[in-house]
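Everything below concerns the one structure shown next.
The values are calculated or read from the model by the stated rules, or taken from the named source; none is laboratory data. Everything numeric here is computed off the predicted structure, so don't read it as measured data. Don't worry about glycine lacking a Cβ; one is built from the backbone with ideal geometry, like all the others, and counts go over all protein chains shown.
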């Protein structure tokens, strides 16, 4: 379907040519799997790359780069059932305690949850003074021809760091992800190396990144547990920037886009953080919510639709908060003397930073 860009048509021939060659490569790489119309993270249709195959085990210390081979399995055919790629985990954001999990260590496609690491490194660069929110960044040809979802940035244009961040947290803009990766890493490939180094430092041992956006690549994978670890790290390490994940709409050059995270507007206490979708992954979501001063983080991979994913997440968080309340009542009843004082609530750190 045709895509409308703020400010008019943008490099139409180049975009179509890039899409053709990318789809041709994926078709060959995945044994005849063809491209097809797909959806944004929020379920709206866009022209995204189509189906790829589930990933087989790769050693945790393996760092893959674009063009390198990785073993894959079609698991009985191209049309893998959504149930085969479903995974979930819910953790306490302050303690890291796991409240529920299913297939939490299965390697799956993260899709746009990848951008959480892109933002982690961007926030790190901001904290270190390497970037400034008001700093204008150049838009390269590579960034300008990224496939949807995107802001429609043009080559040789510029965008400030804060707008690029907001483009990612609301619209999940792939062009913004590449702009930030090139500003911080020099190139997207170099930035991907930094992403993997940081992933290992954070304990994300079942994750490998090859791009900053989460667009399909057979060597890009993660797990529900690792994405929960990353979500917690964002809250813990950069509470001063977490509010960007709570923004519900973003206006750029006169065009307003709502956040892809629809659940944030309906689930009490939810204030972030990131949606994701490609055909191979299904509908993914990393979410965080606060009830009665307790913050939980939930991650869902492989929802059949955006709506079913959101319903699943809401149910998992409800169960998680119920479990916390039950455990709190039991602990008060026991009244253990000499118990260690609780660690500082991560939610208080976020609130103080705002």
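Does segment 280-293 hold any residues that are outside any strand (DSSP E or B) and over 15 Å from the mean Cα position of the chain (by Cα), and which are they?
292, 293
Can you name every residue in segment 279-294 that is surrounded by 23 or more Cβ atoms within 10 Å (Cβ to Cβ) and touching a strand residue (DSSP E or B) at 6+ places or on another chain (Cβ under 7 Å)?
281, 282, 283, 284, 285, 286, 287, 288, 289
Residues in segment 85-103: is at least one surrounded by 14 or more Cβ atoms within 10 Å (Cβ to Cβ), assigned to a helix (DSSP H, G or I) and either at pLDDT 95 or above or more than 16 Å from the chain's Cα centre (by Cα) (or both)?
Yes: one or more hits.
Which one is surrounded by the fewest Cβ atoms within 10 Å (Cβ to Cβ) among residues in segment 165-181 that are more than 20 Å from residue 264 (Cβ to Cβ) and either more than 17 Å from the chain's Cα centre (by Cα) or without any contact (Cβ under 8 Å) to a residue 40 or more places away in the chain (or both)?
178
Run residue 305 past the list (1) closer than 21 Å to residue 100 by Cβ; (2) modelled with pLDDT of 95 or more; (3) exposed (fewer than 15 other Cβ atoms within 10 Å of the Cβ) and report the number of the one that doesn't hold.
(1)
Yes or no: segment 182-191 includes at least one residue that is buried (at least 24 other Cβ atoms within 10 Å of the Cβ), touching a strand residue (DSSP E or B) at 6+ places or on another chain (Cβ under 9 Å), assigned to a helix (DSSP H, G or I) and modelled with pLDDT of 95 or more.
no
Can residue 218 be described as modelled with pLDDT under 95, surrounded by fewer than 23 Cβ atoms within 10 Å (Cβ to Cβ) and within 17 Å of the chain's Cα centre (by Cα)?
So residue 218 fits the description; yes.
Looking only at segment 192-213, which residues are out of contact with any strand residue (DSSP E or B) (no Cβ under 6 Å at 6 or more places or on another chain) and either part of a loop (DSSP other than H, G, I, E, B) or on the phi > 0 side of the Ramachandran plot (or both)?
202, 203, 204, 205, 206, 209, 210, 211, 212, 213
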